[in-house]
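Here is the structure we will look at, set down as structure tokens.
The values are calculated or read from the model by the stated rules, or taken from the named source; none is laboratory data. Just so it is clear, the structure is predicted and the values come from calculations on it, not from any experiment. Ideal geometry is used to build each Cβ from the backbone, glycine not excepted, and the neighbour counts take in all protein chains shown.
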Amino acid sequence: MGAGKPTGARWALNGIVLVALLLTGCGIGRPVTMGPETDPAAVPPTQARPLVMFTGKEPASVATRALLESGISLRSTQRMFNALPALLDAQGLPRPELLVSLPALHTDSWQVFPDGTMRTTYTLRSNLTWHDGQPLTSEDFVFSWRLYTSPELGRASQPPLHAISDVAAIDREHFVIHWKLPYADADTLSKYGIELPALPRHILGPVFDQMTTSGADAVANHPFWGPEYVGLGPFRIQEWAAGSFVDAVRFDGYALGAPKIARIQLRFSVDQNTVVASLLAGEAQAAGEGALPDVPEALTERWTRSNTGFVLQFPRSLRYTEFQHRPEVATPRAILDPRVRKAVAHAVDKQAMSDAVYGGQAIFADTPVWSGSAWGDALDDSILTYPLDLRATESLMNQAGYSKGSDGFYRGADGRISLEVATVTSPASVTELIVLADSLRAAGLDVQQRVVPAAQAQDNQVRATHPTMFTSTTNSGEPAVGNLASAQIPSAATRWLGGNRGGWSSSDYDRLLGAFNTTLDRGDRVRLMRQMLRLYSEELPSISLFFRGSAFAFVNEIKGPARAAPESNPAWNIYEWEFY
């Protein structure tokens, strides 16, 4: 059976009113520049009111490719403050954003040479500026490539950087990239997690030029990556009150035109009750990523009766439990045996976890790829799955040299096998951890539970050096598949950056991923994706648990939000949103 099959109307409804609002036109045209501040007198009264939106986490940075990685994906938040060469629309398809048009394969703008190298040429829209009013030029993309490929900053091996040999400016509005090897996303440079964003040379250039004497920390900890962020997106930061909110105003110089909403206040809260109360009281108009982990019936019922709001759900992220594969860290060492990992997978009661945390409506996952995503057609019956089956657990544990003792727990030559299962602090995560641990104990696996304190939850070294198993969330689909590469293993040399926190390494997988990333034909790429997922299911570096339906709640006064593909996000067209 294909991995991660959706459950149709049962998931789509989930007791939630899903209203499909028509998107307004793209409105792509020359922006009207009014200076760095929006003039309230020039804004109609209904548009001058702020949009108050909650998010469940405060980001360490709103940059799309920050050096202050937090392990928290807030793509809709990032979308507010950033613009990339291309924008992924509601279907996950690219549209030019900073560019006039996207390079087209087998034209002068995208040339592939016999030796496999490539050359792509990009043309920026005219008269674009950063949020501080300084001009965006092709040199900012050259500078970005130089900074991200600096070995001291730990990014050079990550895509697309690993495939680029050179970035050069032709003039202020044209630049060219020379590629070492074929790269399928060379036209967009804008896939989440694998993009090449411009960086403001006028801000970061001086500190970067002094990095040999001041050190990499001076660049990585520059306030640009935090409260002093200067981007290119539809909104710019006016005030960042740490732990509380970000006040943002519209950026009239945005590439696709001035946003229709003049102000946004982004509030941070892990208290769902606070979020719901604010929505029902009219103090907030939207709630986004992580703000509503469990959409309460009180909200949906009230909004259904009064027709005053709606909730959109879409399976954007993957909930998974990653095994530790570093021999020097893994405890017990039995977890390095794929038979033990498979035995553990067969002991996971996903339905019980779904009932306890997701109201029984979770979308089960067998791999990082959801069937409704861009790569869903790669899923077939050749990919192994691990349904709850305690007989399979016992058989695999016996094969690995473990049998149950008189106490009902598996033991080996070194005594009882004991696994640690960890997660980060949040009510839903802790509940999920308890149910997971209970199901493993019921199968005869001794389990120790650990909740990482909030102060350490964004520490990449802590998250990468867990002894046994760590349950977390990541982007699904292509980014998650890319994170399994050996090059994505965090270490001190990479400043603990990288998505492969469990340290799994497979030369066969790396070869397939390399071919996938350098193959341009769509059909061939689907076949390579299928082979990678098959190998993933055989080696089982992690247990794919659920595709989480991220909830975005909106009052009916807002026109513009609509459901988006997992590759995109609901805020992709935030510059078009407006109050009725």
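Among all positions in the stretch 108-116, there is at least one residue which is among the hydroxyl-bearing types (Ser, Thr, Tyr), part of a loop (DSSP other than H, G, I, E, B) and farther than 19 Å from LEU256 by Cβ. Any residue in the stretch 96-109 that's assigned by TED's automatic domain parsing to the domain that holds LEU196 and closer than 18 Å to ASN82 by Cα: show its pairings with residues that are among the β-branched types (Val, Ile, Thr) and modelled with pLDDT of 95 or more at Cβ separation under 6 Å, as long as the two are six or more apart or on different chains. From residues that are assigned by TED's automatic domain parsing to the domain that holds LEU196 and closer than 18 Å to ASN82 by Cα, the pairs are VAL100/THR123.
Is there any pair with a first residue in the stretch 193-216 that is farther than 25 Å from HIS162 by Cβ and a second that is aromatic (Phe, Trp, Tyr) and surrounded by 15 or more Cβ atoms within 10 Å (Cβ to Cβ) whose Cβ atoms are under 7 Å apart and which are 6 or more apart or on different chains, and what are they? Short answer, once both residue conditions are applied: ILE203/PHE224. Do you know which of the residues in the stretch 293-323 that are acidic (Asp, Glu) and part of a helix (DSSP H, G or I) is nearest to GLU567 (Cα to Cα)? My answer is GLU297.
To keep it simple, each residue is scored yes or no on (1) touching a Phe, Trp or Tyr at 6+ places or on another chain (Cβ under 8 Å); (2) surrounded by fewer than 24 Cβ atoms within 10 Å (Cβ to Cβ); (3) over 21 Å from ALA480 (Cα atoms); (4) assigned by TED's automatic domain parsing to the domain that holds ARG416.
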| residue | (1), (2), (3), (4) |
| --- | --- |
| ALA298 | no, yes, yes, no |
| THR308 | no, yes, yes, no |
| VAL311 | yes, yes, yes, no |
| GLU328 | no, yes, yes, yes |
| ILE335 | yes, yes, yes, yes |
| PHE364 | yes, yes, no, yes |
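Condition check: within 26 Å of the chain's Cα centre (by Cα) and outside any loop (DSSP other than H, G, I, E, B). Does VAL270 satisfy that? No. Kindly evaluate PHE552 against the criterion of being within 23 Å of the chain's Cα centre (by Cα), under 17 Å from LEU74 (Cα atoms) and of a type in the set (Phe, Trp, Tyr). Yes; evaluated as a whole, the condition is true for this residue.
PRO36: over 25 Å from the mean Cα position of the chain (by Cα), at pLDDT below 95, part of a loop (DSSP other than H, G, I, E, B) and on the phi < 0 side of the Ramachandran plot, yes or no?
Taking the combined requirement at face value, the residue satisfies it.
In this structure, is GLU539 outside the structural domain of ALA352 (by TED's automatic domain parsing) and either crowded, with 16+ Cβ neighbours inside 10 Å or farther than 24 Å from SER371 by Cβ (or both)? So GLU539 fails the test. Residues of the stretch 182-203 that are touching a helix residue (DSSP H, G or I) at 6+ places or on another chain (Cβ under 6 Å) and assigned to a helix (DSSP H, G or I): ARG201, ILE203. Taking the criterion of being more than 20 Å from ASP140 (Cα to Cα) and not in a helix (DSSP H, G or I), the only residue of the stretch 204-221 that qualifies is GLY215.
Taking the conditions (1) more than 23 Å from GLU478 (Cα to Cα); (2) in a loop (DSSP other than H, G, I, E, B) in turn, HIS178 satisfies each one other than (2).
Put simply, of ARG463, ARG441 the only residue that is in a helix (DSSP H, G or I), among the basic types (Lys, Arg), closer than 20 Å to GLN324 by Cβ and modelled with pLDDT under 95 is ARG463.
Within the stretch 410-438, the only residue that satisfies the criterion of being part of a loop (DSSP other than H, G, I, E, B), polar (S, T, N, Q) and free of Cβ contacts under 8 Å to residues at least 60 places away in the same chain is THR425. Checking each residue in the stretch 488-545 for being of a type in the set (A, V, I, L, M) and assigned to a helix (DSSP H, G or I) picks out ALA492, ALA493, LEU512, LEU513, ALA515, VAL526, LEU528, MET529, MET532, LEU533, LEU535.
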